[in-house]
Amino acid sequence: MPLTAPRFTYEGFMPTDVVMPQMGESIAEGTIVRWIKKVGDSVERDEPLFEISTDKVDAEIPSPVAGVIAEIRAAEGETVPVNSVVAVIGPAAAQAAAASPVASPPPPKPQADGAATTKAPEPPPVPVQPSAAAPLASSAPPLPAKSGGDEGMERSSPLVRRIAKEHNIDISRIRGTGIGGRVTKDDILAFIGGSTSQATADRGAPSPSAAPAPPRPPQPSAGRPVPGTSAQMSPMRKKIAEHMVLSRRTSAHVHSVFEVNFSRVAQIRETKKAEYERAGAKLTYLSFILKAAVDALRSVPVVNASVDGDSIIYHKDINVGIAVALDWGLIVPVIKNADSRSLLDLSRTVADLANRARSKQLKPDEVSGGTFTITNPGVFGALFGMPIINQPQAAILGIGNVEKRAIVVDDAIAIRPMAYLSIGYDHRIIDGAVADEFMSHIKRSLENWDAGQA
Amino acid sequence: MPSEYDVIVIGAGTGGYVAAIRAAQLGLKVAVVEKQKALGGTCLLWGCIPTKALLEHAHAFKVIQNAKEWGVSLLSPSGSAAAATIDMTQVHARKDRIVTGLTKGVEFLFKKNKIDWIKGTARLTGGGGVDVFEGEKQTLHAGKEIIVATGSAPRSVPGIEIDRRRIITSDEAIHLREVPKSIAILGSGAVGVEFASIFRRFGSSVTIIELLSHLVPVEDEAVSTELEKSFRKQGITSLTGAKLTRARAGADGIDADAQLSDGTSQSIQAEYLLVATGRGPVTAGLNAEGVGLELQKGYIKVDAQYRTTVPGISAIGDVITLGPPGHPQLAHVSSAEGIIAAERIAGMETRDLNYDHVPGCTYCDPEIGSVGLTEREAQERGYDVRVGLFPFGVLGRAKMSGETEGFVKIVAEKKYDELLGVHMIGPRSTELVAEATIALQRESTVEDLIRTIHAHPTMAEAVGEAAHAAHGAAIHL
């Protein structure tokens, strides 16, 4: 790890306060989800220190300085105002003293109370690349934005990372059986194959020559709830719950479902896929639907609008949120100015945002400002969904599973890739005819895709 | 009182001697029982080493035959131009020197690791006991484990009787003191096509009879087709899809009939018939069934960690079967298995071998190196397959060496860009396959091969270019 020269001459001598960062303009407080480091642990600068959850994002906060954790002032699960001190990092020289039994860490406590992560126990994060998701209100210099996920830091293989990306899997959750604990293709395929209980056959165990995994804090996995017990909602869960009920109360929800023939899109996708791959992007059905929706939003502005009291605000920008399912909840990163982006750019952006959502690397302004949302229940096999509007927006598009179905073409039965697209809209400002016009626009675009667009 | 050991290895081939060394390195007291006069088994005495030595001779001869092209003049002592000829006495002398040097090397390694070589034939007696017969009987006892590594021997097909004079196996072919005027070779696996290349280069007229529709049938079909093309150019006759219906040895040669793919019959006369139809397990005198080992078609059944059905007895190498689809009989596979068995016995945790990642090298001319799935196998396993192919002939390095045949072919799948197999035929393929093997072992994608810098000018550039081709287009094509 490259050494970073101390930024201040007194660094290394004076204790440094670590504060709850300001994660966005409108955010006043944050909840400590998990302390990655304990009192007495030494920490490198930029090494993840704790995880927070705010109204907008969950993020890992890196340490502003190198040193030893002298004090932790906010317990896991505690919500504190922005800029309040949550920990103190002492100079590295004081390590021996700080690590002495006098300053012993608080006894481990069950973390179900307030722990937002629903992840399976994971190894202590390796020093990850500086995260742009956590601009600290402290002395830390601005950190470079990172371009991709951080799966590369786990021991795995190129193929495993590719599969993980495809299936949106956090590799750190998989137990590696390869040399030195490497996650292998078999490991990840077993993991995907429905099992968090990976095969633990002796043959798969890492050899003793491999460094033993560091002890992990006992962490009840909310991913696998224990029947007969109750658990505190995570801050994210609470937020989702409030938000959904509020939306149901606020908007006059109506749903409408359209069937779309994806033959044309499938055909173009096939011919363009390799080209996109070479350009580092994945051309998915979602890319096409997103593009079609953006075009439709432009031609039917009331769908890209909000209600404010008695007025309708027609948004100038088209900012499309994409719902991303996480193991510990749900987040909606937003593609800003989606109407000014090419299909290639959209494809790249969707993949990038989804990856960073899963690795908790989203910036606060990347989850705000949406004017319309797309959700994709189809990936889980749903024929179609009846989605709830993401307030204060006016509509939400649901994508069903694209699959081959028998349909009637020119009085003959034909097999075509078909999907149901559904829209949930706010009847306060969007009437049925308008919603259907919007959906017809999408359907038309997808069924008669102009190859020049891709 | 039996001599007491931790581990007794039966057979000192590349499986057995490597297992023995590894076990000794891990602190175990090891004995190896070997009946031959030298250590090293098939690989050192009759197989890999001597055949490849002959192929190097053939290659040297090829270069000298093309002396004019290289600007080299061959002159007799009188100063007149001389034709290149091959002196088989010198060829065998050099080959034997190499073999002896290597077998002595294994003996040295045994001494260094304090491994006892017990000369004789082993017989399992149960409960960790091994009797060794040579002159008088010796009794050994393994406290931990016995590793059976008795290997394989050439075997014929029904109806063709090997007399070891005119109808011969690779064991005899390697020792032929003269260059036969003509030789028929039954079977076109590695052994068949390697001897075809050797004898053709030395000047024999060569006819290959292969039952299946292609030469080297285990290879990717594109590789087979390329070899057939090259053999045709070199004047080797390949009868594919042909069945040898009869073969009779005479005093000076053989007389045989083959039924060709079109149903017609062809009679074949040659000085020798080399039967290269495969190898069968060696368990004679071992008392395998007597101690309860499960055999399948003569092979010892083992699990993925080479444990037989009898506790305390493991088996590795050519003599084993892991069940269908069959176990590769290759020196380097036996060694890898030997290391795993030894480490497991020593109490280390080990991983199963991935038999999809076993490299195969065939030293015919042009050479073949391959690892992983062929295009057909990949399709049969349901992958959405894409391939990339790049010919060596385009490369500067190939032109310089005057070896412009062949290509590298990459078999990959589309969804994750997974590298599934790499197949090459042409100059240095047996060396180049090492890169492909590590790429598969490390679970690389095709893109990883593209992003790996391949030095210029080398034959290895073809690997990077084939990867480019799999993604759409090679740079230099």
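All of the numbers you see were taken from the coordinates with simple rules; none came from a lab. Computed from a prediction, not measured in an experiment: that's the story for all the values here. Using ideal geometry, Cβ is built from the backbone for each residue, glycine included, and neighbour counts are taken over all protein chains shown.
Around B:L124, under 13 Å between beta carbons, what's the net of Lys plus Arg minus Asp minus Glu among the other residues? Could the numbers behind the result be given before it?
Values: positive: B:R123; negative: B:D131, B:E145, B:E289.
Taking every other residue near B:L124 into account, the sum is -2.
Give me B:M424, A:M244, B:M1 sorted ascending by neighbouring Cβ count inside 10 Å, so fewest comes first. Don't skip to the end; give the middle numbers.
On the way: B:M424 33, A:M244 15, B:M1 5.
Going from sparsest to densest Cβ surroundings: B:M1, A:M244, B:M424.
The stretch B:156-309: D in µm²/s via Stokes-Einstein (Kirkwood Rh, Cα pairs, 37 °C, 0.692 mPa s)?
Working: Rh = 16.9 Å.
Using the Kirkwood radius from Cα pairs, D works out to 195 µm²/s.
Which cross-chain or sequence-distant (5 or more) residues have an amide H under 5 Å from the amide H of A:I61, H modelled 1.01 Å from N in plane?
Residues meeting the criterion, in which the H sits 1.01 Å from N, are A:L49, A:F50, A:E51, A:I52.
How long are the semi-axes of the equivalent ellipsoid of the stretch B:143-233, defined as square roots of 5 times the Cα gyration tensor eigenvalues? Whole Å, largest first. Mind showing how you got there, number by number?
Numbers: eigenvalues 142, 78, 35 Å².
Output for the stretch B:143-233: semi-axes of 27, 20, 13 Å.
Just rank B:H476, B:H57, fewest to most, by other beta-carbon atoms within 10 angstrom.
Values: B:H476 12, B:H57 21.
Listing B:H476, B:H57 from fewest to most nearby Cβ atoms yields B:H476, B:H57.
May I ask you to work out the translational diffusion coefficient for the stretch A:276-404 at 20 °C, viscosity 1.002 mPa s, via Stokes-Einstein with Rh from the Kirkwood sum over Cα pairs, reported in whole µm²/s?
Diffusion coefficient, whole number: 142 µm²/s.
If you build the Cα gyration tensor of the stretch B:226-279 and take the root of 5 times each eigenvalue, what three semi-axes come out, in whole angstrom, biggest first? Could the numbers behind the result be given before it?
Details: eigenvalues 84, 44, 28 Å².
They are 20, 15, 12 Å, listed from largest to smallest.
For the stretch B:321-432, what number results from the quotient of the Cα radius of gyration and 2.2 N^0.38 Å?
Working: Rg = 17.0 Å, N = 112, 2.2 N^0.38 = 13.2 Å.
After normalising by residue count via 2.2 N^0.38 Å, the value is 1.28.
Expressed as a whole number of Å, what is the distance separating the alpha-carbon centroids of the stretch A:314-348 and the stretch B:199-213?
65
Which value does Rg/Rh take for the stretch A:241-302 over its C-alpha atoms, Rh per Kirkwood?
Numbers: Rg = 16.9 Å, Rh = 14.8 Å.
Expressed as Rg/Rh, it is 1.15.
When B:V106, A:V85, B:V408, B:V7 are ordered from fewest to most other Cβ atoms inside 10 Å of their Cβ, what list results? Walk me through the numbers before you get to the answer.
Working: B:V106 24, A:V85 13, B:V408 30, B:V7 27.
If I rank by nearby Cβ atoms, fewest first, I get A:V85, B:V106, B:V7, B:V408.
Counting Lys +1, Arg +1, Asp -1, Glu -1, what net charge surrounds A:S342 among other residues with beta carbon under 10 Å of its beta carbon?
+2
I'd like the distance between the alpha-carbon centres of the stretch B:269-342 and the stretch B:104-121, rounded to an integer number of Å.
For the stretch B:269-342 versus the stretch B:104-121, the Cα centre distance is 22 Å.
Residues of B:414-422, mean number of Cβ from any other protein chain within 10 Å of their own Cβ, rounded to a whole number?
On the way: counts 3, 3, 11, 4, 6, 2, 0, 0, 0.
For this peptide, the per-residue mean of nearby foreign Cβ atoms is 3.
What number, in nm² with one decimal, is the all-direction average of the projected area of the convex hull of the alpha-carbon atoms of the stretch B:85-159? Show your work: numbers first, answer last.
Values: hull surface 38.8 nm².
About 9.7 nm², averaged over all directions.
Based on alpha-carbon atoms only, what is the radius of gyration of chain B relative to the globular estimate 2.2 N^0.38 Å? Don't skip to the end; give the middle numbers.
Details: Rg = 23.7 Å, N = 477, 2.2 N^0.38 = 22.9 Å.
Its radius of gyration relative to the 2.2 N^0.38 Å reference: 1.03.
If you fit an axis through the alpha-carbon atoms of helix B:14-25 and take the longest principal axis of the Cα set of chain B, what angle between them do you get, 0 to 90°, nearest 10?
The two axes meet at around 50 degrees.
Explain nothing, just compute: Karplus ³J(HN,Hα) = 6.51 cos²θ - 1.76 cosθ + 1.60, θ = phi - 60°, for every residue of the stretch B:343-350 in order, whole Hz, x for Gly and Pro.
5, 4, 5, 7, x, 7, 7, 10
Using Cα atoms only, what is the angle between the long axis of helix B:429-441 and the major principal axis of chain B, expressed in degrees (0 to 90) to the nearest 10?
With both axes taken from Cα atoms, the answer is about 60 degrees.
Can you pull the Kirkwood radius for the protein assembly as shown, inverse mean 1/r over Cα pairs, to one decimal in Å? Present the calculation step by step, with values, prior to reporting the outcome.
Values: mean 1/r = 0.0302 Å⁻¹.
The answer is 33.1 Å.
Please give the net charge around B:G143, taking every other residue with its beta carbon less than 13 angstrom from that of B:G143, where Lys and Arg add +1 and Asp and Glu add -1.
Values: positive: B:K29, B:K144; negative: B:E4, B:D6, B:E145.
Cβ neighbours under 13 Å give a net charge of -1.
Using Stokes-Einstein with the Kirkwood hydrodynamic radius over Cα pairs, what translational diffusion coefficient do you get for the stretch B:154-206 at 4 °C and a viscosity of 1.567 mPa s, in µm²/s rounded to a whole number? The partial results should precede the final answer.
On the way: Rh = 11.5 Å.
D, rounded to a whole number, is 113 µm²/s.
Treating only the Cβ of Lys, Arg, Asp and Glu as charged (+1, +1, -1, -1), what charge dipole size does chain B show about its Cα centre? Round to the nearest 20 debye.
Numbers: 49 positive and 57 negative charges, 229 e Å.
That gives a dipole near 1100 debye.
Inverting the mean 1/r over all pairs of different Cα atoms, compute the Kirkwood radius of the stretch B:183-273 and quote it in Å. Mind dumping the intermediate values first?
Working: mean 1/r = 0.0761 Å⁻¹.
It works out to 13.1 Å.
So for the stretch A:231-315, averaging the separation of alpha carbon pairs under 8 Å that are six or more residues apart and normalising by length, what relative contact order in percent results? Before the final figure, lay out the partial values.
Details: 29 pairs, mean separation 10.5, N = 85.
Here the relative contact order equals 12 percent.
Once you average over the residues of A:270-279, how many Cβ atoms of partner chains fall within 10 Å of each Cβ? Intermediate results must be reported in sequence, preceding the final value.
Values: counts 0, 0, 0, 1, 6, 1, 0, 5, 5, 0.
Per residue, the number of nearby Cβ atoms from other chains is 2 on average.
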